[in-house]
Each structure stands twice: as C-alpha cells, then as structure tokens.
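The structure appears below as structure tokens.
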Amino acid sequence: MKSATVLIAVLCIINLSINPLLAKTKNQLPYKNSNLTAEARATDLLSRMSINDKVNQLMALWDGVPTKFDLEFLTDTIKMREIFGEGIHSIQPNRFTDINETVETRNKIQKYLLEKTRLGIPAFFFDEGQHGLMKPEATAFPMAIGLASSWNPQLFKEVYAVTAAEMRSRGGHHALSPVIDVCRDPRWGRVDETYGEDPYLNGILGSAAVIGLQGSTTGEIMPENVAATLKHLCGHGQPEGGLNQAPANISERVLREYHFPPFKAVIENANPTAVMPSYNEIDGKPSHANYWLIQDVLRKEWGYNGMVVSDYEAINQLQTKHFVAANTSEAALQAFNTGVQYELPKGLYYKHLPELLNDEKIKITDINKAVYQCLVLKFKMGLFENTYVDASIAIQLSKKPESRKLALKAAHQSIVLLKNENNLLPLQKDNYKRIAVIGPNSNVALTGGYSGEPYQKVTLLEGIKAKVGKKTEVLHAQGCNIVSNLDISQNNWKKDLIQFPSRAENLKLIEEAVEVAKKSEIVILAIGETEQLCREAWSKTHLGDAHSLDLFGEQQELVEAMVATGKPIVVYLMNGRPLTINYIEKNIPAIIEGWYMGQETGTAAADIIFGDVNPSGKLTITFPRSVGQLPMYYNHKPSAQFMDYVSESTTPLYPFGYGLSYTSFTYSNMQISSTTMKPNDTVTMSVDVTNSGKIRGDEIVQMYIRDKVSSVTRPIMELKGFERITLEPNQTITVQFTIDKSKLAFWDYNMKYTVEPGEFDVMVGKSSADLMKLTLRIEE
C-alpha cells in the first residue's frame, strides 16, 4: 500500500513537471507568443498555413443563413467540425439575438476555433452600427439622415463610441459602418442611412464616425472599440431611377467632384480598417469588378493600405445580376483580381481560389497579403489572448444611463424646425386644457432601418403626456394607417411583405380623428413613412425605393380633414426621406422634421414642441417640391435649374442647410484677411454672429465657395466649412474659417486637380439660400 502511494505521488510529480514543458514547447511557436509584434506573429502563422487555411481566412460565414449557430448547433461536434473545422475569416451577424445568447454563442465558437482547429485562429464577429448597434438591448440613436442634421462631429464621435463599446462588449470586432454615400436622389430607399447630399459634410461626419468606432485617428483599434468599414465605393447614392443597386450613370468628373471626396477625406483623416465597394455599376463596370476604382484610385491614387471587403452577395451579382461573369469561378476571379480581398457574407465564390491559383489565374502574393492583413488585425485586437466576453459586463454597459442621455441629446440636436408661422411654437403648457395627438405615427417610435431594439422607446404620444402632466387632457386618434402589418420592433424594417389598409378602413379612422380634433384646442399631427416604405431594397420581394415623394395612402386626406376643423396644427414628420409636402407648407402653421429619432423620439419631440429645448437641426438634403424637379441638390451646375418649368418653379421646398430656431441670429461684419492670395497661400474669413432673440440657441454657421469663371463648369456653390455654436441672448461670436488650396481646387479641363486663377465668391450664412458674400481673387 505504501509503495503504491509512493508510485502515485511520483507519477503526479512527473505529470506536473511534463505538462508545463509541453505547454512551454507549444507556446514557443512564435505566433502564440504575445510578447512578439503582431506583424511578427502574423508572418510566422502565415508560414504554417496551407492554401486551404489561407483561403478560409478570406471567407465569412453568416449566422442563420443557412445554418443558425444556436446553442443546439454548438453542441453538435460533427456539425461544428464541418462548419468551423478549417477556420474562418469572420462570422456575419445574427442581428436578432439578445445579449446572453450572443455572448454564449460567440464564446463557444471562439473556444472551438482556438482549441479544436489545427492552428487555433479566432474569427472576427461583424455587426451593423450605422446609428447604434443593430441588436436587441442596444441604444438606438437617431437614424443617420437625422443624426447628420445635427452638423455636430463631436456628437458623432460620442454616438459611434457608444455603438462600438456595446458591440465590443458582446464579442463584436468589426462594424459594417459607416455609410457615407452622397445621396443625390431621395427616391432611393437607402437615403435614411446616409448623411445627406454634400461631399464635404459627409467627409467630416464620416471621419468623426470612424474615429468614434475605432477610438483613434491612426487606424489603431482601441480595446473598447471596433474596426470600421467605409461604404459604399462608389456612386451608390445616385442610382438610375432612384432604384437601389441600379447603374450610376455618371461621369468620372461627377465621381471625382461629388462621390469620391468623402471617401478620400475619411481615409486621410481617420484611417478606416476596411472599405466596401458598392453594388452598382459605373460605365458598365460593377464596382466589385472595377479595377480602375479599386486599384488605380483607391490603392494607388489615395494610397489606401487597408482591407477591401465585399458587400453581401455582391460577388454573386457579377454572375447573376450584372452578367459579366459566366459562372461562380469567373466571378471569384474577377472580384479577387480587382482587389476585393474578403468575401462576405458567405464563402460561396472564393472557395474557387485554390483552383484559380493552381491554374495561375491569381497570384499567391495577393492571397498572402490579404491573409497577412487579416491576421495582423486579429493579433492587434487581442483576439488570440482576450478572446472571450462576459455577458454581465455587456448587460451593464447596455444599461448605462449616460447612453440614454446621449440618445436624447442626439435627438434634441437633430430635429429640424421647418416652419413656425406667427411663433405658434413653442407651445405653452398652461395655455391648453385639451391637446389632440393624431396620426399614424403618433403612438409608435419608429427607429429606422438597420436599427437595434432598445430596452425602452418613447412614442410622441407618451412624450407629450409626460410633458404636460395631469393638468392637460391629451386626446388621441390613429387618423389612418400607413401599412396594416406594422411591427413596432426592429423586425419592421426586415419584413419582406408590405400590407396596406383598405381605403374604407382609413376613411373611417379619419372621421374618428376629426371628432377627436374638434374636442381639442390644438392638434399635433404625426405623419410620414414607416421603415417598410424607405429602406434598402435587396430583392423583388423586399422593396424600399419610391416613385413618388408624396404622403402615402390617405395621409393627405387626413391632413386636409384636420385643416378643415379650423384648429391650429403642428405637423410632426417621422420619415426616412424628403417628402413633397406642399399643401402642408401652405396650410399648416408649424412643421417639424423629426426623421426617425431613435429610442427617445417622444421625449425629444415634446422637449422641442414645448420649448424646453430650442430646435437647432438643419437639413443635409434638399426637399424638392415634386419628383418632377429631380435631380435636385443645392450644388448644381449653373445651367441646371436655370429656367422654371411650365407649371412649377425650380426652387426647392426647403433648401440644403435650412432649419429654424425659436430665437433669431444676425450675421454681420463679414471680413476676409486678404482679398487676394496665391494658390498655395491661406486666408481667413470671419463673420460676427449675434443671438438677436430672447432665448439661448445653437446656430450652424455655413461657408460656401464658388469659382466664378473656370475652365469647366463648376457648381453654383459648394459647402467648404461649418461650425455649430451656442449663443446666449445678445451674445456675439466671431466665427472664422480658413480658406486654402483644399477649399479651392477642382478637376480642370484636362482632369488635373488644381487651383485656377480668378475670382471666387466666398459666402457665409444660415443656409445655402440665405448668405452674405465677398470676393476673393486667386493670383498666379
């Protein structure tokens, strides 16, 4: 017995001494040594990879399509080996799983990849984050077109930093955001995902978004941040007929003057991890097979050294939609040799890369470069050492009061006051005993496309009830329905089928609303769209583009019925695109553009309506009077909009940069440090802005420039500077803007980027339609 005990003890000692030696030997593999640089580790790991290992690091898997990576699947070792056995670049998101399920699923997949695959390479997890994390139990900020109306880059950094933190806490590493497409057609269903129609503004706000997501300007990803994907390169926001993915029938000059600048600016200012090409074609070449776009412009001209990832199914479309590839292998060949390094969301086409390599149709150096970039990022982001996340920490982060306060602040700054006849707004609570809140969007908080599902949402009706308290009776009527299958969760945007109510049903609701309105002293009318009517159209069964910008269904009749009651009316718009609301502009005294304001919609709207917050948002996209005016954008060429139509003017309903306040601002003393300059010099323009009203307010000061005579036609004006300022009553602030080569240069007759000598108009003011002007002469 004694000898047996001794033997067991000896074996235990031997075991304890051998295991550390084995572990040490294993850890001596350079790529597993965390003391080495990410580059050294990636180089070593790359040398150990087979061609199949490498190609797997260029392809993604999509959770839920076709296989859902749920807990039942994760316990099936055979299926796990089949799906993950050779490693993978990334997992594309299941957007509808809560925190606990997300964390548990991702941890188990990472554990399998680390411990059960030959090389133990963890995966990136991607998530959407254009205006908050697209997951349940996440903060929902205003939709992008609304958030942009704040004209506040610092706010963007804060919003996207929260988005990144919530994403990273759940095991996410890479955001499929931001969208910086310049939108030049409001019929397009993705207009709500954009920051508007202006290249300069999109570049500034896009840079702020990337800095917020990544946590730096250098391209380094901070521990609580995620990699950003800049999309969609390029021309996606000017599709033929306003139809998503349709050809962008635009010249190289239009690309360089309008669509390229925001991408170039963000790359230079914020170093995004990845760039995503667009679905559309330009001059017959789909972006995912456009060598000039990806290699000549993005890589060589702009010097971009980051990753290029495909849009979902876009390589597929080379074969099935554009018909420039005969089969899957040819589509893969075109995309990869164009420079699209990683296939999302599934590796259906890049699985052909080994055979294409064997046939010498692609280069191993291109594969190695893409794999190396992927591995370096995985090492730098700590995926090998800090792989797992804690659900309790993620839940705690998702419930931070500061995030909810930020969502409210963002909504406050993004709401735009379009009209306020006779200063009807702000309403005084004590002046009304009965307020009617009416309309199809009065008791829903629509958060927009690609939205998460927050813990709480406040509707307009709820916000107004909370604001006025028990002293004022708040009446409510639906008024009409826009769709009959509205889902108040994040699923609303994703639904394929759109069902519409019958006309008879809506007319009955209008009658009921009239009776409610008659009992009130004032009507707050909430109308507009739903996420089903303005969204990304990705198939013939999932539509989102519009042929008309008029109010949908019986909403116009609802408005007219409310006007007929003779009651004062405040219209609150909840929508994703500019609407042609000519009747409302003519007949309603107060109009608010609320876009989709996120989870705090009702609270923010009530704060604006009752004057606790002074509205300060300004439009980043032009509102036309009709679709017949399209295309319509402020930075058009001189011969555009030169003559009126037979029955309509060419002026917009609301111009770019427009937005009212409850106070007034006076501009004066516009000066320029020198009225002449050389092309490489710098001058300063200044203007005094005074709050000439009675309450504190924010103003967005805008500077525009026009080349008066040039070798090629130039826009009548271009935004080249802006600043958001806060002024107390009677306070004056001198706002300064710098004018240098970057604000004056353009692509000349010979497509050379240069500053031409001559006179330039320098303009400053409240909007693109309300400006002061000085002349600046550029000398040779």
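The values are calculated or read from the model by the stated rules, or taken from the named source; none is laboratory data. Since this is a predicted model, take the numbers as computed values, not measurements. All Cβ positions, even for glycine, are placed from backbone atoms using ideal geometry, and neighbour counts span all protein chains on display. Keep in mind that these areas ignore ligands, DNA and RNA; they rest on the heavy atoms of the full protein, side chains included. Shrake-Rupley method; radii C 1.70, N 1.55, O 1.52, S 1.80 Å.
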Completion exercise
As straight-line cross-link partners of Lys470, the qualifying lysines (C-alpha separation under 16 Å, not fewer than 8 residues apart within one chain) are Lys429, Lys433
Completion exercise
Computed over the chain: longest principal axis from alpha-carbon atoms vs helix 260-270 long axis, angle to nearest 10 degrees, is 60
Handout entry: DSSP beta bridges in the chain [antiparallel fraction, %, rounded to 5]
Key = 55
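From the square roots a ≥ b ≥ c of the eigenvalues of the alpha-carbon gyration tensor of the stretch 450-529, which class results: rounded (a/c under 1.5), prolate (a/b over b/c), or oblate?
oblate
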Exercise for the section: Could you name the aspartates and glutamates whose alpha carbon sits less than 19 Å from that of Lys465, not counting residues in the same chain fewer than 8 places away? Expected result: Asp430, Glu473, Glu521, Glu600, Asp607, Asp612
Completion exercise
Of the residues Asn56, Val571, Asn423, the Cα lying farthest along the dipole of the chain towards its positive end, which is defined by charges on the beta carbon of Lys, Arg, Asp and Glu, belongs to Asn56
Practice task
Show that you can apply the helix-only estimate: for the chain, add -39,500 (n - 2.57) for every DSSP H stretch of four or more residues, divide by all residues, and state [θ] at 222 nm to the nearest 500.
Solution key: -9500 deg cm²/dmol
Handout entry: Difference of contour (0.36 nm per residue) and Cα-Cα distance, Arg777 to Glu115
Key = 231.6 nm
Exercise for the section: Please name whichever of Phe263, Pro501, Pro440 sits farthest to the positive end of the charge dipole of the chain, dipole taken about the Cα centre and charges placed at Cβ: Lys and Arg +1, Asp and Glu -1. Expected result: Phe263
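Between rounded, prolate and oblate, where does the stretch 706-755 land on the alpha carbon gyration tensor, with a ≥ b ≥ c its root eigenvalues, rounded for a/c under 1.5, else prolate if a/b exceeds b/c? Before the final figure, lay out each step's value.
Working: a/c = 4.33, a/b = 3.06, b/c = 1.41.
In terms of gyration-tensor shape, prolate.
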Completion exercise
Highest mean packing first, using Cβ neighbours within 10 angstrom, the peptides 445-452, 565-572 sort as 445-452, 565-572
Practice task
Report His322's accessible area, 1.4 Å probe, all protein chains in place, as a number in Å² to the nearest 10.
Solution key: 40
Practice task
Compute the distance in nm between two label points, each set 7 Å from the Cα along the Cα-to-Cβ direction, one at Glu648 and one at Asn305.
Solution key: 5.1
Exercise for the section: Show which lysines lie in cross-link reach of Lys586 when reach means a straight Cα distance below 19 angstrom and same-chain residues fewer than eight apart are skipped. Expected result: Lys419, Lys567
Practice task
With a probe of 1.4 Å, find how much accessible area the chain has per residue, and write the answer as a whole number in Å².
Solution key: 39
Practice task
With label points built 7 Å along Cα→Cβ from the Cα atoms of Lys708 and Glu473, find their separation and express it in nm.
Solution key: 6.5
Fill in the blank from the handout: At R0 = 35 Å the Cβ-Cβ FRET efficiency linking Asp770 and Thr218, nearest 0.05, sits at 0.35
Exercise for the section: Set the Förster distance to 35 Å, then compute FRET efficiency between Leu36 and Lys285 from the Cβ-Cβ distance, nearest 0.05. Expected result: 0.25
Exercise for the section: Determine how many Å³ per residue the convex hull of the Cα atoms of the stretch 21-176 encloses. Expected result: 147
Handout entry: Label of the coordinate-derived value, Cα extents along the principal axes in Å, listed as [x] 85, 72, 52; [y] 101, 70, 53; [z] 98, 68, 60
Key = [y]
Fill in the blank from the handout: With every protein chain in place, the accessible area of Cys183 for a 1.4 Å probe, in Å² rounded to the nearest 10, comes to 0
Fill in the blank from the handout: Length gained if Asp366 through Glu515 is fully extended, taking 0.36 nm per residue and subtracting the Cα-Cα distance, is 46.7 nm
Problem - Between the stretch 721-735 and the stretch 627-683, the alpha-carbon center distance in angstrom - result: 20
Handout entry: Calculated P(r) tail over 21 Å for the stretch 279-381, as whole % of Cα pairs
Key = 32
Exercise for the section: Starting from the alpha-carbon convex hull of the stretch 439-591, give the projected area averaged over all orientations, in nm². Expected result: 9.4
Practice task
Quickly work out the Gln499-to-Ile51 label distance, labels modelled 7 Å from Cα along the C-beta direction, and quote it in nm with one decimal.
Solution key: 5.3
Completion exercise
The Cα radius of gyration of the stretch 532-573, divided by 2.2 N^0.38 Å with N its residue count, comes to 1.62
Completion exercise
Rounded to the nearest Å, the spacing of the alpha-carbon centers of the stretch 240-270 and the stretch 409-449 is 35
Practice task
Normalising by the residue count of the chain, find the relative contact order in percent from Cα pairs under 8 Å and 6+ residues apart.
Solution key: 12
Exercise for the section: Towards the positive end of the charge dipole of the chain, with charges on Cβ (+1 Lys, Arg; -1 Asp, Glu), say which of Gly85, Pro729, Asn152 has the farthest Cα. Expected result: Gly85
Practice task
Return the FRET efficiency for the residue pair Thr75, Tyr753: r is the Cβ-Cβ distance, R0 is 45 Å, and the value is rounded to the nearest 0.05.
Solution key: 0.15
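When a/c is below 1.5 the answer is rounded, else prolate if a/b is larger than b/c, else oblate, so apply that to the stretch 687-774 with a ≥ b ≥ c taken from the square roots of the Cα gyration tensor eigenvalues.
It is prolate, given that a/c is not under 1.5 and a/b is the larger ratio.
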Handout entry: Amide proton proximity set for Gly693, modelled H, under 5 Å, gap of 5+
Key = Ser664, Asn730
Handout entry: Whole-number percent relative contact order across the stretch 326-368, with pairs defined as alpha carbons under 8 Å at least 6 apart
Key = 43
Completion exercise
Given 311-321, 627-637, 158-168, the highest-first ranking by average Cβ count within 10 Å works out to 158-168, 311-321, 627-637
Practice task
Could you tell me how many degrees, from 0 to 90 and to the nearest 10, lie between the Cα long axis of helix 199-214 and the main elongation axis, the longest principal axis, of the Cα atoms of the chain?
Solution key: 40
Exercise for the section: Would you mind putting 293-305, 335-347, 761-773, 497-509 in packing order, based on average other-beta-carbon counts within 10 Å, highest first? Expected result: 335-347, 761-773, 293-305, 497-509
Problem - Cα centroid of the stretch 292-327 to Cα centroid of the stretch 364-389, whole Å - result: 21
